[in-house]
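Following: one structure in structure tokens, then a few remarks.
The values are calculated or read from the model by the stated rules, or taken from the named source; none is laboratory data. On a predicted model such as this, the values are computed, not experimentally measured, just so you know. A quick note on method: Cβ atoms are made from the backbone with ideal geometry, for glycine too, and the neighbour counts reach across all protein chains shown. Protein only, heavy atoms only, side chains kept; ligands, DNA and RNA dropped before computing areas. Shrake-Rupley method; radii C 1.70, N 1.55, O 1.52, S 1.80 Å.
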Amino acid sequence: MATTKTDPKLPLAINGAKKSKSYEGLTRDQLIQAYRVMYTSRRIDDREILLKRQQKIFFQMSGAGHEGIGVAAGLALRPGYDWFYPYYRDRALCLALGAKPLDMFLQAVGAADDPSSGGRQMPSHWGYPKLNIVTQSSPTGSQILQAVGCAEAGRYFSRHPLSAEVPGGGFTDYRHFKNVSFQGDEVSYVSLGDGTSSEGEFWEAMNAAALGKLPVIFCVEDNGYAISVPVEVQTAGGSISRLVSGFPNFHFEEVDGTDPLASYAAFRRAARYCREGHGPAFVHAHVIRPYSHSLSDDERLYRPDSERERDAQRDPVTRTQMFLLREGVLDEKGINQLEKEVEAELQIAVDLALEALPPAPESVMNFVYSPDLDPASSTFDTQAAAEVQVEGKKPAAKTMADLINATLRDEMKRDERIVIFGEDVADCSREEYLKQKLVKGKGGVFKLTFGLQNEFGTDRVFNSPLAEAAIVGRATGMATRGLKPVVEIQFFDYIWPAMMQIRDELSVIRWRSNNGYSCPVVIRVAIGGYLTGGAIYHSQCGESAFTHIPGLRVVFPSNALDAAGLLRTAIRCDDPVLFLEHKRLYRETFGRAAYPGPDYMIPFGKAKIVHPGTDLTVITYGAVVPRALQAAQKIEREQRVKVELIDLRCLNPFDWETIAASVAKTNRALVAYEDTLSWGYGAEIAARLADQLFEKLDAPVRRVAAKDTFVAYQPILEDAILPQPNDLYLAMKELAEY
Ligand SMILES: Cc1ncc(C[n+]2csc(CCOP(=O)(O)OP(=O)(O)O)c2C)c(N)n1
Ligand SMILES: [Mg+2]
């Protein structure tokens with residue numbers, strides 16, 4: 001063990017309790033167990049370092065110096081009862097909660113039986129479903145908002161216990177694959193390093209937890225460095241405790257995290273405060289980092305020996321050992337015996353891990369999506385039944401906005417796990433105004449959620465702070481617990497703060513946990529231009545940035561009926577869905593439809609032929625559909641060219657079969673989309689056509705899209721930038737004549 005001697009003059013906080021021998025309420029056996037966990041944790045690090053040097057594992061990240069705070073949190077909280085969003089230094093916490101050394105070595109070698117990820121994630125990226133330790137990623141801090149959402153879900157299930165039940169019989173939806181458990185007084189633990197407290201998501205999470213008085217324990221494990229950056233360069237004033245002290249509703253602790261007893265006492269107080277429902281807690285633990293940042297870092301390059309030696313004096317493992325000796329809890333023989341037992345256990349675990357089988361290469365696509373429920377399957381095709389239902393009635397034509405609102409209402413009635421939140425989505429946050437009928441309510445800047453808070457209550461439909469990462473991060477935590485958040489991003493142009501959550505968390509949680517966890521959130525986003533004055537920041541498309549992400553379904557309807565059918569599928573399915581709603585289409589005359597009933601669903605990945613033809617195929621979606629239809633009708637009238645117009649409706653998965661069958665018939669293909677031309681969604685379609693239908697093509701594959709610039713405010717410029725019916729007409733004509 002590469003630690004130096006502890007300064008014996010540095011007593012553990014418990015010294016004062018020596019006379020009573022109460023040890024903050026821990027028994028002598030628990031003290032011995034705590035030391036065993038700390039020693040085991042350190043020795044696993046040492047063994048992994050050796051294995052890495054022998055090239056038997058591929059990465060190493062140690063928890064050295066953080067064992068005291070980790071074991072303390074593990075003793076104060078309850079595995080399988082509370083919820084845990086730890087970070088990579090929390091090895092001792094995970095061991096204290098019940099993870100086994102073998103589990104950790106299996107992850108280090110990348111074994112198929114690695115219980116955290118099946119060989120998909122680096123070591124020290126914990127995830128143990130049985131213990132409620134939630135799968136971990138690598139971006140610093142992206143777990144924090146999810147811990148907040150997790151606490152919100154626990155509270156929601158306590159207030160709406162019937163929602164946790166799985167509906168019997170009939171149609172199967174995502175609820176059949178989610179076992180919900182909740183306790184009523186559970187807490188959600190989340191930890192992070194001192195450097196990570198600079199991330200914006202940390203502050204968004206602190207704000208959300210304080211606003212909601214949520215039972216979250218934030219633990220900042222402050223080892224004074226973020227790789228090579230010292231805390232005074234990282235945190236204004238050098239103390240995160242001081243910076244957060246103004247947050248209301250919090251209980252605060254600042255503690256020597258190398259002292260397991262003082263840390264345990266702090267955690268006990270924090271947990272009690274949270275369990276009693278007063279609000280969140282913040283534990284600032286001062287720890288050390290004796291083994292450099294990781295095996296790829298050599299801290300001697302930026303820390304002199306004198307500083308490192310000073311830290312080593314506070315080594316939690318040696319300090320605790322000396323404490324046990326001094327207190328007579330264990331004598332030297334007892335210590336030796338314990339250490340020998342740990343060494344023997346680790347040897348067996350290492351041997352087993354080194355013999356463990358790696359995952360099969362054929363398994364790489366497993367769990368990108370739900371293995372249980374395929375949203376492209378016929379289970380989600382109820383169109384025929386719904387059409388029969390509405391036949392003969394001649395009901396009023398509804399807009400896309402109307403039918404999205406109606407679908408949300410129907411689904412909220414059907415499924416009490418659905419919660420809706422985002423910016424301005426509530427009718428009125430000050431409920432009393434609604435109750436006294438002083439106001440009508442807003443329900444979204446486009447009014448898509450109008451009336452839902454009024455009907456279903458503020459628990460289920462509420463405004464969030466203006467923080468997009470928080471909207472998606474909290475939703476991800478909620479969905480991990482079994483809720484179905486249907487959140488709104490007000491404008492696609494402002495989705496980017498949430499990109500880390502979408503790309504590195506939401507889409508990948510199922511895959512990286514080897515199906516241990518899933519989070520089927522629906523994100524509704526108002527997208528697109530053609531607004532006459534929308535300009536740069538209210539007109540963006542950019543869907544290909546999201547179709548490029550495995551694990552995320554992307555839907556983009558062009559009309560009211562498709563919006564209703566696809567949104568219902570999005571809500572009932574078991575995958576995360578980005579549901580793109582074109583603002584210009586919300587209230588257009590084009591594509592209005594009668595309300596199709598509360599069970600109308602369209603499966604994902606099924607295109608619609610909007611206009612049948614034989615001379616050339618146009619593949620498009622969204623607001624280009626009505627523009628292409630206009631052009632197709634004109635060219636048929638004027639040139640007798642018959643265009644087959646395909647509306648993809650769903651971008652991932654997409655309907656290659658319909659495209660291929662059409663192009664095999666027409667031998668000409670034009671891909672049209674509103675986003676900028678280069679590197680866009682059409683490039684993929686064009687590449688597939690060239691690859692798989694080369695022999696069928698009588699002309700080059702053409703694209704019509706926006707110019708590779710930004711959408712300008714002045715309508716003359718907007719028209720010139722976005723693809724217009726005439727651009728489509730000219731491209732069709734040229735292609736037909738080729
Ligand atoms: C968003 C993000 N940026 C950068 C990194 C690279 N990185 C990994 S750990 C780390 C430093 C973290 O320091 P701190 O939060 O203090 O935790 P510690 O490692 O000291 O325990 C950095 C910069 C990352 N993983 N994620
Ligand atoms: Mg640090």
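Any residue that is at pLDDT 95 or above and part of a helix (DSSP H, G or I) - is there at least one of those in the range 110-128? No; the residues of the range 110-128 include none that is at pLDDT 95 or above and part of a helix (DSSP H, G or I).
Considering the conditions (1) touching a helix residue (DSSP H, G or I) at 6+ places or on another chain (Cβ under 8 Å); (2) at pLDDT 95 or above, Trp203 is excluded by exactly one of them, (1). Which numbered condition in (1) at pLDDT 95 or above; (2) closer than 30 Å to Ala699 by Cβ; (3) part of a loop (DSSP other than H, G, I, E, B) is the only one that Val610 fails? It fails just one condition, (3).
Asp415: of a type in the set (Asp, Glu) and open to solvent by less than 20 Å² (accessible area, probe 1.4 Å), yes or no? So Asp415 passes the test.
Looking only at the range 270-324, which residues are among the small types (Gly, Ala, Ser), within 33 Å of the chain's Cα centre (by Cα) and open to solvent by less than 30 Å² (accessible area, probe 1.4 Å)? Of everything in the range 270-324, those that are among the small types (Gly, Ala, Ser), within 33 Å of the chain's Cα centre (by Cα) and open to solvent by less than 30 Å² (accessible area, probe 1.4 Å) turn out to be Ala270, Ala271, Gly279, Ala281, Ala285, Ser292, Ser294. The single condition among (1) of a type outside the set (Ser, Thr, Tyr); (2) under 20 Å from the mean Cα position of the chain (by Cα); (3) more than 30 Å from Cys150 (Cα to Cα) that Asp562 does not meet is (2). Looking at the range 141-155, which of its residues are within 16 Å of ligand 2 (Cβ to nearest atom) and among the β-branched types (Val, Ile, Thr)? Correct list: Ile144 only. Answer yes if at least one residue in the range 454-469 is buried (at least 24 other Cβ atoms within 10 Å of the Cβ) and either in contact with a Gly (Cβ under 6 Å, 6 or more places away or on another chain) or without any contact (Cβ under 8 Å) to a residue 12 or more places away in the chain (or both), and no otherwise. Looking through the range 454-469, none of the residues is buried (at least 24 other Cβ atoms within 10 Å of the Cβ) and either in contact with a Gly (Cβ under 6 Å, 6 or more places away or on another chain) or without any contact (Cβ under 8 Å) to a residue 12 or more places away in the chain (or both). Any chance you could count how many residues in the range 183-235 are more than 16 Å from ligand 2 (Cβ to nearest atom), aliphatic (A, V, I, L, M) and open to solvent by 20 Å² or more (accessible area, probe 1.4 Å)? So the answer is 1. For first residues located in the range 183-197 and in contact (Cβ under 8 Å) with a residue 40 or more places away in the chain and of a type in the set (S, T, N, Q), partners that are open to solvent by 10 Å² or more (accessible area, probe 1.4 Å) and assigned to a strand (DSSP E or B) and lie 6+ apart or on another chain with Cβ distances below 7 Å form the pairs Ser188/Trp83.
Conditions (1) within 20 Å of the chain's Cα centre (by Cα); (2) away from ligand 1 (no atom under 16 Å from the Cβ), marked per residue:
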site: Gln60; (1), (2): no, no
site: Glu67; (1), (2): no, no
site: Gly74; (1), (2): no, yes
site: Tyr81; (1), (2): no, yes
site: Gly118; (1), (2): yes, yes
site: Met122; (1), (2): yes, no
site: Gly127; (1), (2): yes, yes
site: Pro139; (1), (2): yes, no
site: Ile144; (1), (2): yes, no
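Within the range 127-144, the set of residues being in contact with a strand residue (DSSP E or B) (Cβ under 9 Å, 6 or more places away or on another chain) and closer than 20 Å to Leu214 by Cβ comprises Asn132, Ile133, Val134, Gly141, Gln143, Ile144. Checking every residue in the range 139-153 against the condition of being open to solvent by less than 10 Å² (accessible area, probe 1.4 Å), of a type in the set (Ser, Thr, Tyr) and part of a loop (DSSP other than H, G, I, E, B) gives at least one match. Could you tell me whether the range 538-555 includes any residue that is touching a strand residue (DSSP E or B) at 6+ places or on another chain (Cβ under 6 Å) and among the basic types (Lys, Arg)? Yes, that holds for at least one residue.
All of Ala699, Ala736, Ala731 fail the test of being in contact with a Phe, Trp or Tyr (Cβ under 7 Å, 6 or more places away or on another chain) and either surrounded by 14 or more Cβ atoms within 10 Å (Cβ to Cβ) or not in a strand (DSSP E or B) (or both), apart from Ala699.
Examine the range 156-171 for a residue that is away from ligand 2 (no atom under 16 Å from the Cβ), at pLDDT 95 or above, under 30 Å from Phe282 (Cα atoms) and in contact with a strand residue (DSSP E or B) (Cβ under 9 Å, 6 or more places away or on another chain), and state whether such a residue exists. Yes, because at least one residue in the range 156-171 is away from ligand 2 (no atom under 16 Å from the Cβ), at pLDDT 95 or above, under 30 Å from Phe282 (Cα atoms) and in contact with a strand residue (DSSP E or B) (Cβ under 9 Å, 6 or more places away or on another chain). Just so you know, in the range 91-101 the residues that are over 19 Å from Arg268 (Cβ atoms) and assigned to a helix (DSSP H, G or I) include one that is nearest to ligand 1 (Cβ to nearest atom), and it is Arg91.
The single condition among (1) touching a Lys or Arg at 6+ places or on another chain (Cβ under 8 Å); (2) outside any helix (DSSP H, G or I) that Tyr88 does not satisfy is (1).
Counting the residues of the range 35-61 that are acidic (Asp, Glu) and open to solvent by 10 Å² or more (accessible area, probe 1.4 Å) gives 1.
The residues of the range 40-89 that are closer than 20 Å to Gln107 by Cβ and among the aromatic types (Phe, Trp, Tyr), listed by number, are Phe58, Phe59, Phe84, Tyr85, Tyr87, Tyr88.
Give the residue that is most open to solvent (accessible area, probe 1.4 Å), with candidates limited to residues of the range 537-583 that are closer than 25 Å to Tyr713 by Cα and out of contact with any Asp or Glu (no Cβ under 9 Å at 6 or more places or on another chain). Ranking the candidates gives Ala545 first. Which of the residues spanning the range 192-208 are outside any loop (DSSP other than H, G, I, E, B) and within 12 Å of ligand 1 (Cβ to nearest atom)? Leu192, Gly193, Gly195, Thr196, Ser197, Ser198, Gly200, Glu201, Phe202 - these are the residues of the range 192-208 that are outside any loop (DSSP other than H, G, I, E, B) and within 12 Å of ligand 1 (Cβ to nearest atom).
In this structure, Thr449 does satisfy being open to solvent by less than 10 Å² (accessible area, probe 1.4 Å), at pLDDT 95 or above, among the polar types (S, T, N, Q) and farther than 22 Å from Arg159 by Cα. Looking only at residues of the range 384-404 that are at pLDDT 85 or above and open to solvent by 30 Å² or more (accessible area, probe 1.4 Å), we find that the one that is nearest to Arg512 (Cα to Cα) is Asp402. Within the range 240-266, restricting attention to residues that are over 20 Å from Gly68 (Cβ atoms) and within 16 Å of ligand 1 (Cβ to nearest atom), the residue that is surrounded by the fewest Cβ atoms within 10 Å (Cβ to Cβ) is Leu243. When restricted to residues that are touching a residue at least 24 places away in the same chain (Cβ under 8 Å), aliphatic (A, V, I, L, M) and out of contact with any helix residue (DSSP H, G or I) (no Cβ under 6 Å at 6 or more places or on another chain), the range 421-447 contains 2.
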